[in-house]
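Input: a single structure, listed below in structure tokens.
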Amino acid sequence: MVGNREKISISLDTGSTWTTKHYNDTAYLELHSIAIEPFNNTCLAVGDSGQILFSSDSGKHWEERRSTSSQSLYGVSMDSGTALICGREGTVFHTTDQGKKWVNHSIKTTKHVFGCDAKTWTVVGQSGIIFRSFDSGKSWIPQVSNTLYDLLKIHYLSPLHGFIVGDVGTILETVDGGNHWYPQNSQTLEPLYDISFVDEKVGIVVGGRGTILTTRTGGKSNVNHSSSLFDKINLQTYPNPFVKSISIDFDLDKSITCRLSVLNLLGNQIARLFNGTLEQGPHSFEWNAKDATSGAYFLRIEVGEKSEMKMLLKE
């Protein structure tokens, strides 16, 4: 565990006893996250003002590592010798030599990045942002979370199966490598700060006010991954990617209130396409985006009390 004044607490007996030390007792910097690779006894901790600490003996001794950034760092992940760190305003770095040299892969966003996964090169953060890289950080592709709550931690069990936790009890699950994220019912409104799995079945989530959630089924829930709102209304967007305008078609099985809007990557609404009641049957809308810059946008559709978002790409 890590905390204020560069506090680091280590347990070597599954939590029965803890040893606490301050790397620098006179500093008032806060450490935000720690990652451990038990197979080689290495640890990395990150915190305020670009602070990075490294240990090669399971946390008994620590030494400083420095990147080229002084931004606060909020997340760190290690996998098979590769470490990923992330922080304020899209800060992302990686290392393959235990932190001696860091390579900058920062994302062009003003949003803070709170959690990262070195196995899949995926990062999460403010207002529901998710980015994944398929070329070791050279480029980042946004994924749709269907939430604007802050996402704080991400953990993949396998290349396809992963979880995200965040504010207001948010738990998201993917079974296809992040192409689709599905909400789970955590039965709490507390912020959820971290998630980890002992194996493919046993996992734990911790959060605000002492919240502890556990699973012994690999996070399986009653969520039907095949029955999203978009499937139900047969949503079609074309062409996507598009150049000037994009068509949005869907079918309703009954008269219901609907709202269609377009958001940018910061979560700000830039276009409202409809807000009112639609009758049963097929419907078609068009977003004329001739004045919008090239890049990724989110189409948000609200049908009754259900809401989902889909990525739109303008060339």
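The values are calculated or read from the model by the stated rules, or taken from the named source; none is laboratory data. All figures in this text were calculated on a predicted structure; none of them were measured in a lab. With ideal geometry, Cβ positions are generated from the backbone for all residues, glycine too; neighbour counts draw on all protein chains shown.
Here are a few things to note about the model shown:
- Residue match in the stretch 291-298 (condition: at pLDDT 85 or above, under 24 Å from Glu89 (Cα atoms), of a type in the set (D, E, K, R) and over 21 Å from the mean Cα position of the chain (by Cα)): no
- For the stretch 20-53, the candidate set comprises residues that are loosely packed, with under 15 Cβ neighbours inside 10 Å and at pLDDT below 75; within that set, the residue that is nearest to Lys101 (Cα to Cα) is Asn24.
- Any pair with Cβ under 6 angstrom, 6 or more apart, that starts in the stretch 102-119 at a residue that is in contact (Cβ under 8 Å) with a residue 40 or more places away in the chain and closer than 16 Å to Ile164 by Cα and ends at one that is assigned to a loop (DSSP other than H, G, I, E, B) and of a type in the set (Phe, Trp, Tyr): none
- Taking the criterion of being at pLDDT 90 or above and either within 20 Å of Trp121 (Cβ to Cβ) or out of contact with any strand residue (DSSP E or B) (no Cβ under 7 Å at 6 or more places or on another chain) (or both), the residues of the stretch 71-83 that qualify are Gln71, Leu73, Tyr74, Gly75, Val76, Ser77, Met78, Asp79, Thr82, Ala83.
- Looking only at the stretch 181-196, residues that are of a type in the set (Phe, Trp, Tyr) and closer than 19 Å to Val123 by Cβ come to 2 in all.
- Restricting attention to the stretch 149-178 and to residues that are within 13 Å of the chain's Cα centre (by Cα) and not in a strand (DSSP E or B), the residue that is nearest to Pro38 (Cα to Cα) turns out to be Gly177.
For every residue, the table says whether it meets (1) out of contact with any Lys or Arg (no Cβ under 8 Å at 6 or more places or on another chain); (2) exposed (fewer than 12 other Cβ atoms within 10 Å of the Cβ).
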residue	(1), (2)
Lys138	yes, yes
Ile141	no, no
Leu148	yes, no
Tyr156	no, no
Tyr182	yes, no
Ser186	yes, no
Lys201	no, no
Val206	yes, no
Arg209	yes, yes
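- Subset of the stretch 233-258 (residues that are over 20 Å from Gly276 (Cβ atoms) and either at pLDDT below 85 or surrounded by 11 or more Cβ atoms within 10 Å (Cβ to Cβ) (or both)): Asn234, Gln236, Thr237, Pro239, Asn240, Pro241, Phe242, Val243, Lys244, Ser245, Ile246
- Residue check for Lys220: over 21 Å from Gly87 (Cβ atoms) and modelled with pLDDT of 90 or more: no
- Within the stretch 131-146, being of a type outside the set (D, E, K, R) and more than 11 Å from the chain's Cα centre (by Cα) holds for Ser133, Phe134, Ser136, Gly137, Ser139, Trp140, Ile141, Asn146.
- Number of the condition not met by Gly169 [criteria: (1) within 22 Å of Lys220 (Cβ to Cβ); (2) at pLDDT 90 or above; (3) touching an Asp or Glu at 6+ places or on another chain (Cβ under 8 Å)]: (2)
- Lone unmet requirement of (1) surrounded by 21 or more Cβ atoms within 10 Å (Cβ to Cβ); (2) at pLDDT below 90; (3) of a type in the set (Val, Ile, Thr) for Thr68: (1)
- Hits in the stretch 84-131 (condition: touching an Asp or Glu at 6+ places or on another chain (Cβ under 6 Å), more than 17 Å from Ala45 (Cα to Cα) and surrounded by fewer than 22 Cβ atoms within 10 Å (Cβ to Cβ)): Thr110, Lys119
- Looking across the stretch 173-197 at every residue that is among the hydrophobic types (A, V, I, L, M, F, W, C) and at pLDDT 85 or above, the one that is nearest to Gly75 (Cα to Cα) is identified as Ile195.
- Subset of the stretch 263-304 (residues that are outside any strand (DSSP E or B) and among the hydroxyl-bearing types (Ser, Thr, Tyr)): Thr293, Ser294
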